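Heads up, the thing below is written out as structure tokens.
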Amino acid sequence: MGKTEELVRWGYEQKCRKAVDSLQKHGFKAVYCANQSEASEYIIAEADSAVTIGFGGSMSIASLGVERALSELGKEILNHASPVLSREEKMEVMRRQLTCDLFLSGCNALTLNGELVNIDATGNRVAAMFFGPRKVIVVAGRNKLVGGTAQQAVERVKGYATPLNAKRLNFNTPCSASGFCNDCNSPDRLCRVTTVIDRRPRMTDLHVLVVNEELGL
Ligand code: SF4
């Protein structure tokens, strides 16, 4: 590792640890992970007693490669993104995610003050994050950290991640063409449900892994 990379990594570690500290003060079980392998190991260990595991359609979770490992351990995988599912089957998987044993999700933005900020089109992912599953693990790469308020985090998501996601998913929105949000009223608008989870929801065992590597958009 070169000196510059070492310094960048150190700088991000301080931010990740600050977010972890803030999250812990807000009642979350928050853990610093130096890399993706540590996050994957944490998830596999926490999944030990789970029978059903829901996936919220996250690029961050997909890049950890835990789905295959959990499937090989005999877990029932509830992933509505599977291309073989019909529309009805997809809906059924999303409903079952709401009551699964362990739900895995990424996070659109995480403030250093310990707030999880997310924007959904359907709302199934954010709903499962705060009530229903017995345990929830949210994974946030260092690129999701935002130094300002939750409102500034929303602006970061709409100004950067959502246009890229709209393009990735072939949604016909102004941002998928221009790269900029214009607060559209498109039938394909992704930004329909915005959530700020600023304290651990009372009935949810919510863990947050803050990873000192880039994950997702
Ligand atoms: S409001 Fe519309 S244009 Fe703005 S980010 Fe969301 S989908 Fe894109």
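Of all the listed residues (N165, N172, N143), the sole one being at pLDDT below 95 and out of contact with any His (no Cβ under 8 Å at 6 or more places or on another chain) is N165. Taking the conditions (1) within 15 Å of the ligand (Cβ to nearest atom); (2) closer than 29 Å to G11 by Cβ; (3) surrounded by fewer than 20 Cβ atoms within 10 Å (Cβ to Cβ) in turn, A150 satisfies each one other than (1).
Among residues of the range 173-188 that are without any contact (Cβ under 8 Å) to a residue 12 or more places away in the chain, those with a beta-carbon under 6 Å from a residue that is in a loop (DSSP other than H, G, I, E, B) and near the ligand (Cβ under 7 Å from one of its atoms) at least six positions away or on a different chain give the pairs C184/T173. Exactly one of (1) out of contact with any helix residue (DSSP H, G or I) (no Cβ under 6 Å at 6 or more places or on another chain); (2) over 20 Å from P133 (Cα atoms); (3) modelled with pLDDT of 95 or more; (4) not small (G, A, S) is unmet by K90. Its number? The failed condition is (2).
Can you go through A166, A140, A161 and tell me which one is touching a residue at least 12 places away in the same chain (Cβ under 8 Å), touching a Leu at 6+ places or on another chain (Cβ under 6 Å) and away from the ligand (no atom under 16 Å from the Cβ)? Walk me through how you get there before you give the answer.
Working: A166 fails: away from the ligand (no atom under 16 Å from the Cβ); A161 fails: away from the ligand (no atom under 16 Å from the Cβ).
When all the criteria are applied, what remains is A140.
Restricting the range 1-45 to residues that are surrounded by 16 or more Cβ atoms within 10 Å (Cβ to Cβ) and of a type in the set (V, I, T) leaves a set whose member that is farthest from R68 (Cα to Cα) is V20. Checked across the range 189-197, the condition of being more than 15 Å from the ligand (Cβ to nearest atom) and either touching a Leu at 6+ places or on another chain (Cβ under 6 Å) or of a type in the set (G, A, S) (or both) holds for at least one residue.
Given the criteria touching a residue at least 60 places away in the same chain (Cβ under 8 Å) and either under 15 Å from the mean Cα position of the chain (by Cα) or under 23 Å from L209 (Cβ atoms) (or both), does T194 qualify? When the stated conditions are applied, T194 passes them.
So for the range 176-192 (the condition being in a helix (DSSP H, G or I), modelled with pLDDT under 95, surrounded by fewer than 16 Cβ atoms within 10 Å (Cβ to Cβ) and not β-branched (V, I, T)), does at least one residue qualify? Steps first, answer last, please.
The initial filter retains those residues of the range 176-192 that are in a helix (DSSP H, G or I), namely 176-178.
In the following step, the residues that additionally are modelled with pLDDT under 95 were identified as none.
The answer is no; no qualifying residue exists.
For the range 169-185, the tally of residues that are more than 20 Å from S58 (Cβ to Cβ) and more than 6 Å from the ligand (Cβ to nearest atom) stands at 6.
Applying the set (1) more than 13 Å from the ligand (Cβ to nearest atom); (2) surrounded by 15 or more Cβ atoms within 10 Å (Cβ to Cβ); (3) at pLDDT 95 or above to R202 leaves exactly one unmet item: (2).
The values are calculated or read from the model by the stated rules, or taken from the named source; none is laboratory data. Remember, it's a predicted structure, so these values are computed and weren't measured experimentally. Please note: Cβ atoms are built from the backbone with ideal geometry, for glycine as well, and neighbour counts cover all protein chains shown.
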